[in-house]
Amino acid sequence: MRLITFLFLICSYCLKSQNVAYVDSRYILDNIPEFNIAQDELNNLSLKWQEEIDLLKSELDQKYRNYQAEKYLLPENKKEERENLIIQKEQEIKTLTKKRFGPEGDLYQKQQELIQPIQDLIYGAVKEFSDEAKYDLIFDKSSDLIMLFANPELDKSQQILEKLGY
């Protein structure tokens, strides 16, 4: 317990000698029209691609129901053929889902294409602001970093928006 208290005191002392501020990147992004347009485009693409996948799933369900209804009347080779078609359709759906929504999928690529340039602009503005105002540390209030208390006077989000021209 003593060690934790000691480390806290040292960190507090170090931070007092540094110029610290924070920004709220969520607030900044919400006030950039290009970001909202990009988000709308991503949402529309996501919905379109999900509908495409849902249509394939519906076709698969129909094929499966038809197969279930007819399987006792089909010869063995036709049963196997239908089962293979169903398995193929399932694989097609999995492949398309991964292609559209996977970790390196189309949605991720489009997100990188539309959002990354905006994030780069914000980073550049924060960097320029910090250089001009001589800030040693600038935290992002909206990130996973936990801020138990934030003095509103240290919030420089509006200045970053102004630097970006918004």
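For SER143 and GLU92, the difference between the fully extended length at 0.36 nm per residue and the C-alpha to C-alpha distance is 14.7 nm. Every pair of different Cα atoms in the stretch 18-164 enters the Kirkwood calculation, which places the hydrodynamic radius at 19.4 Å.
With K and R counted +1 and D and E -1, the other residues having a Cβ less than 12 Å from that of GLN112 yield a net charge of -3. Taking a sphere under 13 Å around the Cβ of LYS71 and counting the other residues whose Cβ falls inside, with K and R at +1 and D and E at -1, yields a net charge of 0. Within 10 Å of each candidate Cβ there may be at most 16 other Cβ atoms; applying that plus a DSSP loop requirement, which trypsin sites (Lys or Arg not before Pro) in the stretch 18-126 survive? Passing both the DSSP loop test and the Cβ count: LYS71. Full extension of the chain segment joining ALA69 with GLU34 gains 7.4 nm, where the gain is 0.36 nm per residue of separation less the Cα-Cα distance.
Volume per residue for the stretch 107-166 equals 108 cubic angstrom (convex hull of Cα atoms).
Every number in this text was worked out from the coordinates using simple rules, so none of it is lab data. Everything numeric here is computed off the predicted structure, so don't read it as measured data. Reconstructed Cβ throughout: ideal geometry from the backbone, glycine too, with neighbour counts over all protein chains shown.
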